[in-house]
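The values are calculated or read from the model by the stated rules, or taken from the named source; none is laboratory data. Small disclaimer: the values here were computed from a predicted structure and weren't measured. The accessibility values were calculated without ligands, DNA or RNA, using every heavy atom of the protein model including side chains. Shrake-Rupley method; radii C 1.70, N 1.55, O 1.52, S 1.80 Å.
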Amino acid sequence: MTDEQGTSEGSPGFIQPWIAQLRKITEELARMTGLSESVFARPVPSLPGLPLPGAISAAQMNAIASAVAAQRSSIAALQAQLTAFDEQLGALEGILGPLAEWSRKWAEFERLVTNAPQNPEPNG
């Protein structure tokens, strides 16, 4: 029931245009998504070249799942590379440890040799 102010069933007049616009948007969205036939009993226009919303969602989910799998595969490859690099560094460390010790002893030997008197004088 509408009075002079444009109200319907106790709704203020300024809400009615908003509700009408919201209903129009909802009907248009339902028509575009293919729900209009079941919800609003209107024929669904054909949308050539556009997949249904469910297909888009499935395709997007498939793309996301593929991207996650690819990222995990990349991480696994990086882990394998890091493991191999760590093993190489361990081997190098095993080689350098004794070389560093030998170098330290050689330097100590050189210091002893160069500080020793070259011509020892007889004590007597």
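Observations on the model:
- Residue match in segment 55-66 (condition: at pLDDT 90 or above, part of a helix (DSSP H, G or I) and under 20 Å from the mean Cα position of the chain (by Cα)): yes
- In this structure, Arg42 qualifies as open to solvent by 100 Å² or more (accessible area, probe 1.4 Å) and at pLDDT below 70.
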